[in-house]
Structures are given as structure tokens and as C-alpha cells.
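Please read the structure below before turning to the comments.
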């Protein structure tokens, strides 16, 4: 692993830094991965955010990994890594979401010319938001067991079934989804990939409110929803393989690693400034310094795991259990940081945003609540450990 940039990488890193210094609006700083603000704040600043999007679009940085002919920048994995790292350091908001990261690359490789023409430009412009319809109540970790049915009827497919844990479905204009088109085929071979207009009759969305009072996830129900056959991506019954399609995206999770370090640094600063019994919190507790030191060291470990993934990708290798290690460590570290935040803030730290007595405007209370799900979402810790054990350590399957 070489931590040094090549001359070309150093020049690109400097270009990104100068761009952020010059173009990032001052009051956007901190809206990124772990800063203040959030979705509601972004909406209140819609015009400025649209201007920021245009600045990114002129450089192809909304979809940096997309080929240039489709509006991307055609960046290699190291350039993407550098860009993501510098954006995270600046806490700068990035654009794109699932449209850029997931359905766009799929359409570039497998979509028809009509599908590309209809959807790619609208993904880049931000006028259309996407959600993912994969998980079902009985098909989460074992996704290939999904049972939502798509039956061909003339020029349409008719959808019936349910999806769950669908992020942003209440706001999305379109969904990319998997549905079973052959009930007799082996489970991986009877699935097809569809693009579904969320305004279609028969679709209903039910928000799932978490313990923090937020409705990020949703149930989505399909009752005889008609989907034009032209919205089938690729071949019928090949959806499982199409759904695993990716471009050569950088997936080191460096943004999360940097964000966690920034969280710990902010927590250390808070502990120095916050008073308890006439002393700063960090001086009041004999063990808190050790906890904060552990969190800061662990954040650096997370960064090293990210560096390992990007080093493999730069060599043309495909991270497998290495990516699972990165995800597992980051998920559990997020929970440890949240617990340390609660220790720093004490009993008042249980107060959520809105209370005048809530330390740091309730940041640590909400973090404690929100990170509960981090070891479940995106592949449970149990699944990650199984991958590490079998593929990394060569242990037999359970």
C-alpha cells in the first residue's frame, strides 16, 4: 500500500481542493456527511443548491465515474477516491443518490437507447429522484427469494407484491426494482429488472417511522400495477445478473471514514468546552480521555481499511471480504462513537433536538438512536462476519 499520490494524483487533488475553496458556498460547509443542516436545510436553500449542482455538472462531478459521453467525468478509481476524500474533508454535499450510483450505471450498460435517452439526463439534472425496490418482508439477506410477481399481459407486465425498507419512496418519482417473472425457474434465474413510474395506479407507499421519529424507510405495495414492457431492462429473467451490474465505482467508503474522524474531533472539542461541576467534561472524567483516544484511533483504523479497498481496486482486483471488513468496522464504530457522545453529554444528552437544555442541539441523542440500525442496514453484521469467516479465513460454512 503506497500512501503517496503520484504526480498526476497530486495535481488532481489540488484541483479538487481549489475548486472546493473557490466554489463551495460558505453556508453549505457542514451539510455533507456529518455536518449540521440536513435534508430540511437543503430544501430551504434550494436555489443555492441548484447552483452548486450546476457547478458540479460542468465538471462532470455529479456522476464522476460515468463515461463522458453520458455526462460524467470518466474518472478512474483513484481519482474518484481523491475526490470523495476531499469532499468529505470539506464536508461538501455531493449529488446524485441512487440514480447516479445504481440505476444510471445499469442503464449505461444494459439499458436500451430509449431508456438511456429518457432517464440519464434527468438523473444528472436532479429533476427525477429514484428509489430501490429490492428487499421484501421475506427476502432481505436472501434477496433472491423475493416473491413480488410480474406477469406479462400484452404490452405490459402486471406487478403484485410488496417491497420493504425502501429509502425515500415517499419522495421518489421512479423505482428500479426486481420482480419474479418465472415461478418455475431456480430462484436466481426467474427474476427481471424493471423501471417503474411511482405515479402508476395501484402503488401505495406507507412510511416506516423509526425510533428517532424519522420516516426514511417505507413499505411499498403493488396491486395490479401495469408497467409497460419497454420498461424491462435487458432480458426477461436475467434481472438478478443485471442488478449486480456496476461501473468501476470507487467503493472504499473513504467518505464515511473521514466523516467518523470528524465526528470524533468535534466530540473532543465539545468535551473540552462543555462544563460539569466547574470543570471541562474531559477533565472531570478520569476515563473519558481514554475513550476519546480509542475512538480517534479506531477512526484511523477505519481509514486504513478504506485505503486497503482502494489499493486493491487500483490494481484491478475486486474487494470481497475486504469490503465486508470495512463495512462491519464502520457500522460498529458509528455505534461506539454515539455511545461515547452520550457519555460526554451525560443525562442531558438524552434530550433530542428542540429542547433548550439539549447539549449540541441534540446531535448526540439523535446519533445514538440512528446508529442502532447501522449494523442491520446494508447487510447485517452477522452476514458480514460470515463473509469474512468463509471467504477471508477459509472457515467452513455454518
Revision key, fill the gap. For 328, 267, ascending order of other Cβ atoms within 10 Å (fewest first) is 328, 267
Exercise for review: Please identify, among 277, 291, 156, the residue showing maximal mean-square fluctuation in a Gaussian network model of the chain using a 10 angstrom Cα cutoff.
Suggested key: 277
Review point. How long is the gain from residue 350 to residue 206 if the chain were fully straight, where each residue apart is worth 0.36 nm and the alpha carbon distance is subtracted?
Key: 49.0 nm
**Study point:** the chain: most fluctuating residue of 304, 98, 211 per GNM, C-alpha cutoff 10 Å
**Key:** 211
Review point. Taking one equal scatterer on every alpha-carbon of region 130-240, how large is log10 of I(q)/I(0) by Debye at q = 0.16 1/Å?
Key: -0.65
Review point. Mean residue ellipticity at 222 nm from the helices of the chain, using -39,500 (n - 2.57) per DSSP H segment of n ≥ 4 over the full residue count, to the nearest 500 deg cm²/dmol?
Key: -13000 deg cm²/dmol
Review point. Taking only the alpha carbons of region 254-392, what extent do you get along each of the three principal axes, in Å, biggest first?
Key: 55, 24, 22
Check your understanding: Å³ per residue of the Cα convex hull, for the chain?
Key -> 164 Å³
Exercise for review: Estimate the FRET efficiency between residue 199 and residue 230 by the formula 1/(1 + (r/R0)^6), using the beta-carbon distance for r and 22 Å for R0, to the nearest 0.05.
Suggested key: 0.85
Point to revise | Part-to-part distance (alpha-carbon centres) for region 212-273 and region 303-343, which is given in Å | key: 16 Å
Practice item. For the chain, find the longest principal axis of its Cα atoms and tell me its angle to the long axis of helix 46-58, 0 to 90°, nearest 10. Key: 70 degrees
Practice item. Report the far tail of the P(r) of region 184-331, meaning the percent of Cα-Cα pairs longer than 20 Å. Key: 72 percent
**Study point:** DSSP beta bridges in the chain [antiparallel fraction, %, rounded to 5]
**Key:** 85 percent
Check your understanding: Which whole-number percentage describes the relative contact order of the chain, with Cα contacts under 8 Å and a sequence gap of 6 or more?
Key -> 12 percent
Review point. Using Cα atoms only, what is the angle between the long axis of helix 7-23 and the major principal axis of the chain, expressed in degrees (0 to 90) to the nearest 10?
Key: 80 degrees
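Every number here is computed from the coordinates shown, using simple stated rules; none is lab data. Just so you know, these numbers come straight off a predicted model, no measurement behind them. Cβ: placed from backbone, ideal geometry, glycine included. Neighbour counts: every protein chain shown.
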